[in-house]
Amino acid sequence: QVQLVASGGGLVQPGGSLRLSCAASGSIFSRYTMGWYRQAPGKQRELVAFITTGGNTNYADSVKGRFTISRDNAKNTVYLEMNSLKPEDAAVYYCRATFGGINYWGQGTQVTVSS
């Protein structure tokens, strides 16, 4: 079973950037498809981006061209580089690992976009 710890959230002005990290432990990281999700107050949790074991990526339309997901299997870490942040990007961001049809969630990291 994998354990996930997300970090890197914070307060940023509109147009700014943040990089989130999610460190995994307890299992073979390279086996997992990794994803970032977010949940804003009063809204459902939504997919932001995911990256497969082979490095293929997929993004929500709302973040295409602004966010980049990547993984470093040597460091057991997945990243989410977020640029040109908008107020509507504000949410708690969660990382998720998927293997064999089972999902594992990390704790969230808060992203606030405000001037």
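Brief remarks on what is shown
- Cα-based convex hull, segment 1-110, per residue volume (Å³, whole number): 94
- Restricting the trypsin sites (Lys or Arg not before Pro) of segment 13-115 to loop positions (DSSP other than H, G, I, E, B) with no more than 16 neighbouring Cβ atoms within 10 Å leaves LYS43, ARG45, LYS64, ARG66, LYS75.
- Accessible area in square angstrom per residue, the chain, 1.4 angstrom probe: 51
- Within a Gaussian network of the chain (alpha carbon springs, distance under 10 Å), most fluctuating of THR98, THR68, THR77: THR98
- Rounded to 0.05, the FRET efficiency of the THR53 and GLU81 pair, given R0 = 22 Å and the Cβ-Cβ distance, is 0.65.
- Test item: Cα-centred dipole of segment 1-100, Lys/Arg +1 and Asp/Glu -1 on Cβ, debye: 100
- Point-to-point label distance, SER114-ALA40, nm (Cα→Cβ direction, 7 Å offset): 1.4
- Between SER62, SER21, SER84, the GNM of the chain built on Cα springs shorter than 10 angstrom shows SER62 fluctuating the most.
- Proximal charge balance of ALA6 [Cβ under 12 Å; K/R count +1, D/E count -1]: +3
- Reach of LYS86 by Cα under 21 Å, taken over lysines that are not fewer than 8 positions away in the same chain: LYS43, LYS64
- Of all the options ASP61, ASP72, ASP89, the one that moves most in a Gaussian network model of the chain with Cα springs shorter than 10 angstrom is ASP61.
The values are calculated or read from the model by the stated rules, or taken from the named source; none is laboratory data. What you are looking at is a predicted structure, and each value in this text was computed from that prediction instead of being measured. Heads up, the Cβs are rebuilt from the backbone with ideal geometry, glycines too, and the neighbour counts pull from every protein chain shown. Surface areas here come from the heavy atoms of the whole protein model, side chains and all, with no ligands, DNA or RNA. Shrake-Rupley method; radii C 1.70, N 1.55, O 1.52, S 1.80 Å.
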